[in-house]
Amino acid sequence: MKKYLVIAIVICTTVILFSNCHTAKKTMTSTTTTTPSVTYAVNLKSLVETNCSPCHIPSKGGNKKALDTYDGLKGSIDDAIRRIELNPTDKGFMPFKHDKLSDSTIAIFTQWRDSGTPE
């Protein structure tokens with residue numbers, strides 16, 4: 001009788017382990033955890049126009065490094081992120097004379113950089 005109980009426990013344990021290794025579950029999990037794509041045209045352009053104007057928008061009279069184009073922002077993204085992450089009392093803080101950008105806005109800049117700066 002003990003022998004049958006041990007065999008039943010081993011079989012049940014094996015079934016439970018293999019039922020959790022099914023490939024369909026892995027596929028469903030991996031497709032639901034993808035992050036949406038962030039692009040310059042869709043996400044960053046409007047953020048720059050709203051938060052970096054007029055200083056970094058030459059057409060609005062800005063005389064600082066132009067960030068109103070894809071190439072302009074792409075070439076300066078690391079410095080821009082570093083500066084928007086500073087506190088308002090720190091030297092080099094952006095946006096100058098404005099409130100600090102929200103964490104979610106800063107995250108969009110970071111996500112764009114980390115995803116390869118798609119246009």
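The values are calculated or read from the model by the stated rules, or taken from the named source; none is laboratory data. Being a predicted model, the structure only gives us computed values, none of them experimental. Cβ placement follows ideal geometry from the backbone for every residue including glycine, while neighbour counts extend to all protein chains displayed.
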Checklist entry - touching a residue at least 24 places away in the same chain (Cβ under 8 Å) and part of a helix (DSSP H, G or I) - does that describe any residue in the range 48-60? => result yes
Next on the checklist: For the range 80-99, give me each residue that is part of a loop (DSSP other than H, G, I, E, B) and buried (at least 16 other Cβ atoms within 10 Å of the Cβ).
Outcome noted: Glu85, Phe93, Met94, Pro95
Item to check | Boolean, Met28 is part of a helix (DSSP H, G or I) and either at pLDDT 70 or above or not aromatic (Phe, Trp, Tyr) (or both) | outcome: yes
Next on the checklist: Between a residue in the range 93-119 that is without any contact (Cβ under 8 Å) to a residue 12 or more places away in the chain and in the same structural domain as Lys74 (by TED's automatic domain parsing) and any residue that is part of a loop (DSSP other than H, G, I, E, B) and loosely packed, with under 15 Cβ neighbours inside 10 Å, which pairs come within a Cβ distance under 7 Å, given they are 6 or more apart or on different chains?
Outcome noted: Phe93/Leu86; Phe93/Asn87
